[in-house]
Amino acid sequence: MSRVDFTAVCLGALIMTVSAALTGFALASARTAATRNDVWCEATVVEEHTCREWLLGGYRARNPRRALRWTRAQAQRLADRIDPSPHARWAAPGTVHPYEGGTLDAAALLRCWQLDTTAHRDALHALEGGGFYILTAPDDDGLRYRISARSLSAGTRW
């Protein structure tokens, strides 16, 4: 097994352990006593070939505007983790290089969406109407990063 594969396996195991613990707590919390405007938000990563999904974070927003604020922050957070700046403070000089190549750039898509006011207006409209909104950003490694928000109003089934 190559060094990259071993690192990916270890990271996957860590994410799976943490997400299993968080998923039970987060879903139980989200399903209790939802008010009319509550929105459940999630950031997940899905491995395309195995269809395994890991919860990276969840948030119960009191209204659609707070949900949109959280999803925008998660888009920026994920983009910075997927493709960090070469000048990131946590990286030793010269260790991080700009992304080059590949046809799918998940970080660029997330950064672009984070600034797209038309997409935000559409998401807000869907959430205010009791619906849901999903942003999916695929990459060349077979991963799909998803940021989603769904209304927890009484009439919504999920």
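The values are calculated or read from the model by the stated rules, or taken from the named source; none is laboratory data. On a predicted model such as this, the values are computed, not experimentally measured, just so you know. Using ideal geometry, Cβ is built from the backbone for each residue, glycine included, and neighbour counts are taken over all protein chains shown. Keep in mind that these areas ignore ligands, DNA and RNA; they rest on the heavy atoms of the full protein, side chains included. Shrake-Rupley method; radii C 1.70, N 1.55, O 1.52, S 1.80 Å.
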Going by the structure shown, is TRP90 modelled with pLDDT under 85 and not in a helix (DSSP H, G or I)? yes
Going by the conditions given, is ARG144 open to solvent by 70 Å² or more (accessible area, probe 1.4 Å) and in contact (Cβ under 8 Å) with a residue 60 or more places away in the chain? yes
Restricting the search to region 121-141, which residues are small (Gly, Ala, Ser) and open to solvent by 50 Å² or more (accessible area, probe 1.4 Å)? GLY129
Scan region 75-91 for residues that are open to solvent by 20 Å² or more (accessible area, probe 1.4 Å) and within 16 Å of ARG146 (Cβ to Cβ) and jot them down. GLN76, ARG77, ARG81, ILE82
